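Remarks on the structure that follows.
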Amino acid sequence: MAKRTFKIFRFNPETDEKPSYKTYEIDVQPAWTILDVLNEIKWFQDGTLTYRRSCRHGICGSCAMMVNGINNLACELQIATMKKDPIVIDPLPGFEIYKDLAVNMDPFYEALKRVKPWLINNDPAPSRERLQSQEEFALMGNSIACILCAACTSSCPSFWTDGEYLGPAALLKAFRYTFDTRDHGLDQRIEALDNKHGLWRCHKITNCFTACPKNLNPTEAISKLQKRIVEEKL
Amino acid sequence: MNQLLKQFGTQSGGSTAWIWQRITGLVLVIALFLHYLFLHFLNGGNVTYGEVSGRLAMPLWKTIDITFLTAALYHSVQGVIMNIHDYVHRAMLRVTLVSITWVVGLILWITGIATVIAIKSL
């Protein structure tokens with residue numbers, strides 16, 4: 001066990017005039033993650049702390065938050081890898097704060113809906129699955145591994161200044177379907193993509209790439225999507 | 001009216017401006033290289049009005065400099081407009097700022113073109 005200090009963002013809009021940080025000293029076990037620390041605080045020290053969590057295995061994306069200035073998943077971030085003390089924990093930036101580390105994710109899901117993140121194909125369904133070769137599958141890259149945690153979108157300054165901007169996660173999803181050879185829905189997505197709040201707000205600063213806990217590269221996907229849309233327009 | 005303002009400048013979606021900004025960026029790289037090469041290196045750094053006007057009197061150099069000016073102004077005007085779209089979300093203010101940017105760009109372009117065309121060799 002080692003004692004570590006955690007500075008955690010606290011804000012209750014019903015009682016607090018402005019946000020503040022509260023410091024906790026925790027005896028940390030060697031394999032603990034940030035989520036283990038939050039659970040320790042919530043269950044044994046301060047039950048008023050609010051945060052989201054679910055699967056604890058880096059799949060559901062619920063526990064995305066900013067730790068020492070970089071968005072990440074609390075359940076994947078090992079304390080032992082972090083030398084800095086205190087460790088500062090903030091909610092995902094760019095979203096309205098509900099309470100403490102829990103934010104209003106509605107703008108994120110609204111943006112996602114605008115790119116129609118589902119397979120669009122009006123051809124009659126085959127008797128079994130719609131087959132893809134390995135080469136066709138490779139066109140989508142690893143974009144299918146996105147868990148929609150919003151770490152990327154929340155790290156994007158274009159999203160901070162324009163709440164209606166689609167953001168890297170929705171654009172990565174649009175890339176995933178646009179480059180899916182089974183999908184025929186680009187003409188239905190193009191209005192949302194080729195838009196003042198769409199593709200052209202990305203200025204390639206790669207914050208999304210740095211923040212993604214699954215090592216995906218939304219910046220590269222956005223570049224390919226921009227090229228595809230320009231080709232489509234020409 | 002407000003809906004019209006909200007839509008102002010969004011009909012083309014942004015792809016046309018985006019691709020032209022890349023093309024003009026490429027033109028700028030070539031034109032800047034030629035500009036520095038001929039203005040500051042090949043003549044030994046001796047930049048005089050007579051030397052510049054002598055070169056600009058040639059139709060080929062007039063064409064190169066007009067292309068340079070057009071690319072530079074389009075590229076920079078689009079850059080400013082991109083910043084406006086990034087940070088200004090009140091429709092009326094956005095429309096005003098985008099319009100001012102285009103008008104200033106147009107005035108600079110006409111002034112520049114008139115100057116380049118008017119120059120004769122000493």
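The values are calculated or read from the model by the stated rules, or taken from the named source; none is laboratory data. Keep in mind it's a predicted model, so treat the numbers as computed, not measured. When we count neighbours, we look across all protein chains shown, and the Cβ atoms used for this are built from the backbone with ideal geometry, even at glycine. Just the protein is used for accessible areas: all its heavy atoms, side chains included, with ligands, DNA and RNA removed. Shrake-Rupley method; radii C 1.70, N 1.55, O 1.52, S 1.80 Å.
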### Task
Would you check the accessible area of B:Ser76, probe 1.4 Å, heavy atoms only, in square angstrom rounded to 10?
60
### Query
So what is the accessible area of chain A per residue, in Å², with the probe set to 1.4 Å?
50
### Long-range amide H partners of A:Val88 with built H, under 5 Å
A:Lys7, A:Asn68
## Note on the structure
Expected vector for the range A:33-44, Karplus 3J(HN,Hα) from phi with 6.51, -1.76, 1.60 and θ = phi - 60°, integer Hz, x for Gly and Pro, equals 9, 4, 5, 4, 5, 4, 4, 4, 5, 4, 7, 10
### Message
Can you tell me the orientation of helix A:167-178 relative to chain A, as the angle in degrees between its alpha-carbon axis and the longest Cα principal axis, to the nearest 10?
### Response
30
### Query
Percent of alpha carbon pairs in the range A:119-159 separated by more than 16 Å?
61
### Task
May I ask you to work out the translational diffusion coefficient for the range A:2-103 at 20 °C, viscosity 1.002 mPa s, via Stokes-Einstein with Rh from the Kirkwood sum over Cα pairs, reported in whole µm²/s?
157
### Query
Placing +1 at every Lys and Arg Cβ and -1 at every Asp and Glu Cβ, with all other atoms neutral, what dipole size does the protein assembly as shown have around its Cα centre, in debye to the nearest 20?
360
### Task
Quote the charge dipole size of the range A:19-152 about the Cα centre in Debye, to the nearest 20; the model charges only the Cβ of Lys and Arg (+1) and of Asp and Glu (-1).
240
#### Entry: Förster radius 41 Å - calculated FRET efficiency between A:Asn104 and A:Phe137, Cβ distance, rounded to 0.05
0.70
### Task
Give me the percent of DSSP beta bridges within the protein assembly as shown that run antiparallel, rounded to the nearest 5.
85
### Task
Before rounding to the nearest 500, sum -39500 (n - 2.57) across all DSSP H runs of length at least 4 in the protein assembly as shown and divide by the residue total; then give [θ] at 222 nm in deg cm²/dmol.
-14000 deg cm²/dmol
### Query
On full extension of the chain, what length is gained from A:Lys204 through A:Lys7, given 0.36 nm per residue of separation minus the C-alpha to C-alpha distance?
67.8 nm
### Message
Could you compute Rg(Cα) / (2.2 N^0.38 Å) for the range A:106-222, with N its residue count?
### Response
1.07
### Query
Excluding ligands, DNA and RNA, what is the solvent-accessible area per residue of chain B at a probe of 1.4 Å, expressed in Å²?
63
### Task
Mind putting together the pair-distance distribution for chain A? All Cα pairs, 5 Å bins, whole percent per bin, short to long.
1, 6, 13, 16, 16, 13, 11, 8, 6, 4, 2, 1, 0
#### Entry: Solvent-accessible area buried by pairing A with B, both sides, nearest 100 square angstrom, 1.4 angstrom probe
1200
### Message
Given R₀ = 25 Å, what would the calculated FRET efficiency be for A:Arg182 paired with A:Val230, taking r from the Cβ atoms and rounding to 0.05?
### Response
0.60
### Task
Per residue of the range B:56-70, in order, report the coupling 6.51 cos²θ - 1.76 cosθ + 1.60 (Karplus, θ = phi - 60°) as ³J(HN,Hα) in whole Hz, putting x for Gly and Pro.
6, 6, 7, x, 4, 6, 4, 5, 4, 6, 5, 4, 4, 4, 5
### Query
Relative contact order (percent) for the range A:106-233, with alpha-carbon contacts under 8 angstrom and 6 or more residues of separation?
33
### Task
Would you mind telling me the share, in percent, of accessible area of the protein assembly as shown contributed by carbon and sulfur at probe 1.4 angstrom?
61
### Query
Mind listing the phi-derived Karplus ³J(HN,Hα) values for the range A:54-60, rounded to whole Hz, using 6.51, -1.76 and 1.60 with θ = phi - 60°, and x for any glycine or proline?
8, 6, 6, 10, x, 10, 7
### Task
Among B:Leu34, B:Tyr49, B:Thr67, flag the residue with its Cα farthest along the positive direction of the charge dipole of the range B:16-118, charges on Cβ as +1 for Lys/Arg and -1 for Asp/Glu.
B:Thr67
